[in-house]
Amino acid sequence: MYRLIFLAISWLCLPTIAPGQTHTFRSGEISFKSEAPLEIISAKTKSFKAAIDTTKSEFAVSLTVQSFLGFNSDLQQTHFYENYMETSRFPNATFAGKIIETVRYSNHPQQVTLKGMLNLHGIKKQRIVDATLSWRDRNTMIIDARFTVPLKDHNIEIPRVVYQKIAEVIEVQVNAILKSQP
């Protein structure tokens, strides 16, 4: 009996996510892949900013488009930056909004839905993204998400000459470790 009471009191006294606590980027990777009939283009960045406010169920991610690296060639990278993403006009991409479900600490991964505005190539479009949240410990959250971005939604044009080399829909993958900040 005493053991049961002790366990109940111990469980209730465990630290929880404090109101207003925000988890901010510590490490991770965002990658994209264009799988077209004649060519696969992929690149990734480890240089981005991300935050999740667990009390308000809000999130935000921001990155500089030119931070993507790992292209097949320097020419492919230059075309991506200059011709398609037009980074001189649109240097950043952002995704911010709400987490539909209540974020809870759990030893098991939690499936959540992110609903927000993706601002890419100067065009804002609402996106709904499925993600998985898991916890390394009470202060470290891991988020994984995969979603697609149709290029036409953001006015990114594929020249007819390279139409077979660039996919019309790009796959995006996010893996981030977020650490609580007071």
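Cross-link reach is defined here as a Cα-Cα straight distance under 13 Å, omitting same-chain residues fewer than 8 places apart; for K98 the aspartates and glutamates meeting it are D53, E58, D130. Normalised by 2.2 N^0.38 Å, where N counts its residues, the alpha-carbon radius of gyration of the chain equals 1.24. Rounded to the nearest 500, the helix-only mean residue ellipticity at 222 nm of the chain stands at -2500 deg cm²/dmol, with each DSSP H run of n ≥ 4 adding -39,500 (n - 2.57). Running Debye on the range 76-182 with equal point scatterers at the Cα sites and no solvent, what base-10 log of I(q)/I(0) appears at q = 0.11, 0.12, 0.16, 0.24 Å⁻¹? For the range 76-182, the Cα-only Debye profile gives -0.45, -0.53, -0.82, -1.32.
Shown in residue order for the range 80-85 are the 3J(HN,Hα) couplings computed by the Karplus curve 6.51 cos²θ - 1.76 cosθ + 1.60 at θ = phi - 60°: 4, 5, 8, 8, 9, 7 Hz (x for Gly and Pro). Remark: the Q173-E39 segment gains 46.3 nm on full extension, using 0.36 nm per residue and subtracting the alpha carbon distance. So if R0 is 35 Å, what FRET efficiency would Y105 and K152 give, r being the distance between their Cβ atoms, rounded to the nearest 0.05? So the FRET efficiency works out to roughly 0.30.
For the chain, the fraction of 1.4 Å probe accessible surface lying on carbon and sulfur atoms is 55 percent.
Hey, which of these cross-link pairs are over 19 Å Cα-Cα: K56/K179; K46/K125; K46/K124; K125/K152? Violating the 19 Å limit, Cα to Cα: K46/K125; K46/K124.
The values are calculated or read from the model by the stated rules, or taken from the named source; none is laboratory data. These numbers come from a predicted model, not from an experiment. FYI the Cβ positions are ideal-geometry reconstructions off the backbone, even for glycines, and counts take in every protein chain you see. All accessible areas refer to the heavy atoms of the entire protein, side chains included, with ligands and DNA or RNA removed. Shrake-Rupley method; radii C 1.70, N 1.55, O 1.52, S 1.80 Å.
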